[in-house]
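Peer 1: A single structure is presented below for examination.
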Amino acid sequence: MKTGLVLSGGAARALAHLGALQALDEMKLPVHVLVGTSMGAIIGALYAHYGSAEAVYQKIHTFVESERFHSTLSFAVDESKATSTHSLFERFGQQIRKGYFYTRLVTQPSLVPEDDYWRLLSDLVPDVRIEDLPVPFGAVALDILTGDEVVFTKGPLLRALGASASIPGMGPPVRYRGRLLVDGGWIDNVPCRPARHLGARFVVAVETSSDVSDIQPLPDSALEYALRSSEASRIALNKLRLSDADVVVRPAVAHIRWSDFHLFHDVVDEGRRAWREAAPKMARTRRLQAFNPLVRFNRRPYPDTAPSLVFL
């Protein structure tokens, strides 16, 4: 009975996956299939490559502390500092920066220039092909030309992760084989269904998304109302996707903003705690399915109207 590990997107909240992987290594649960979306895809791919949670932890920690990370994503990762500054000069400078980014938002394909985006990812992602990873791996992206859910299972790992993690409007859309790809979180933030297609029979999903009620503050502009409405739709879809998991690990990270990378250690600790808490249920469910195969076949199938699933 192959075990599939599914890691959700969530930007800084998805750092909880690092703690979950540390607890997984302690538990010595074999993982036969790894599938992830966005930051979950990045962390999952590194785990498949290095085979060690500690190695992935060190790699990600060095990455988010790097000068290139902070300079490329300064408008996001400096957000916590911007809200606490008391300097009138600094506040004035922040407003100028915001004006620049708002202008870029309506005149360019992405806030982060394409060259900067790929240089940043190249610092983190090894130059390997997906099919050469020791563990079968899939990274999910959304094709905005067709609406297809695209799962990378072959080809350059950097290209796959670049597509899966390219938040619409922030990162550049990725052109690949006639498709135009963006962050997979907009179509399948917890890709359990692709994990089953890759052979998993027991699926554990680590889910780090927030709920609609957790999104604060309430909107006070037309743009914020539109964004909140879009996020509510994504969260509703996310709940449907989770129905195909056998066990869901839920780190309590809803209060973490997507840009709160400075809370690295707190988020990792919560991921470790959540996995350990879920471990007894995980073991029971896995034993039950091993001794009673009918349990895992008594699952509601996806309707014919589900989005197309395309494997590359």
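Peer 1: Is the stretch 131-219 rounded, prolate or oblate when judged by the Cα gyration tensor, a ≥ b ≥ c being the square roots of its eigenvalues, rounded requiring a/c under 1.5 and prolate requiring a/b larger than b/c? Don't skip to the answer; put the middle values down first.
Peer 2: Values: a/c = 2.12, a/b = 1.21, b/c = 1.76.
In terms of gyration-tensor shape, oblate.
Peer 1: Separate question: For residue 229, what accessible area in Å² do you get when you roll a 1.4 Å probe over the heavy atoms of the protein chains, rounding to the nearest 10?
Peer 2: About 70 Å², rounded to the nearest 10.
Peer 1: Can you work out the Karplus-derived ³J(HN,Hα) for every residue in the stretch 149-163? Use 6.51 cos²θ - 1.76 cosθ + 1.60 with θ = phi - 60°, whole Hz, and x for glycine or proline.
Peer 2: 8, 9, 10, 7, 10, 9, x, x, 5, 4, 5, 5, 5, x, 6
Peer 1: With every protein chain in place, what's the accessible area of residue 231 (1.4 Å probe, Å², nearest 10)?
Peer 2: About 40 Å², rounded to the nearest 10.
Peer 1: For the pairs 2/28; 28/281; 154/281; 59/281; 28/59; 2/154, note any where the Cα-Cα span goes beyond 26 Å. Before the final figure, lay out the partial values.
Peer 2: Working: 2/28 14 Å; 28/281 15 Å; 154/281 33 Å; 59/281 30 Å; 28/59 21 Å; 2/154 20 Å.
The answer is 154/281; 59/281.
Peer 1: Just to check I understand the Karplus step: with θ = phi - 60° and J = 6.51 cos²θ - 1.76 cosθ + 1.60, what whole-Hz values come out for the stretch 121-131, glycine and proline as x?
Peer 2: These are the phi-based 3J(HN,Hα) values: 5, 5, 5, 10, 9, x, 7, 9, 9, 4, 5 Hz.
Peer 1: Please compute the length gained on full extension between residue 68 and residue 290, using 0.36 nm multiplied by the number of residues separating them and subtracting their Cα-Cα distance. Could you put the intermediate results ahead of the total?
Peer 2: Values: separation 222, 0.36 × 222 = 79.92 nm, distance 4.70 nm.
Value of the extension gain: 75.2 nm.
Peer 1: With a 1.4 Å probe and every protein chain kept in, tell me what percent of the accessible surface of the stretch 153-208 is carbon plus sulfur.
Peer 2: Here it works out to 51 percent.
Peer 1: Applying 1/(1 + (r/R0)^6) with R0 = 41 Å to the Cβ-Cβ distance of residue 144 and residue 252, what FRET efficiency is obtained, to the nearest 0.05?
Peer 2: Values: r = 32 Å, r/R0 = 0.79.
Efficiency for this residue pair is about 0.80.
Peer 1: A further question on this structure: Put 291, 261 in order of accessible area, largest first, 1.4 Å probe: what do you get? All intermediate terms of the calculation are to be shown ahead of the outcome.
Peer 2: On the way: 291 175, 261 25 Å².
So the residues, ranked largest to smallest area, are 291, 261.
Peer 1: Once you put a point 7 Å from the Cα of residue 231 and another 7 Å from the Cα of residue 28, both along the Cβ direction, what distance in nm separates them?
Peer 2: According to this spin-label approximation, the distance is 4.3 nm.
Peer 1: Would you work out if the stretch 146-279 is rounded, prolate or oblate? Take a ≥ b ≥ c from the square roots of the eigenvalues of the alpha-carbon gyration tensor; rounded if a/c is under 1.5, else prolate when a/b is larger than b/c, oblate otherwise. Could you put the intermediate results ahead of the total?
Peer 2: Details: a/c = 1.55, a/b = 1.05, b/c = 1.48.
Taking the square roots of the gyration eigenvalues as a ≥ b ≥ c, the stretch 146-279 is oblate.
The values are calculated or read from the model by the stated rules, or taken from the named source; none is laboratory data. Because the structure is a prediction, the values reported are computed rather than measured. We place every Cβ from the backbone using ideal geometry, glycine too, and count neighbours over all the protein chains shown. With ligands, DNA and RNA removed, areas are computed over all heavy atoms of the protein, side chains included. Shrake-Rupley method; radii C 1.70, N 1.55, O 1.52, S 1.80 Å.
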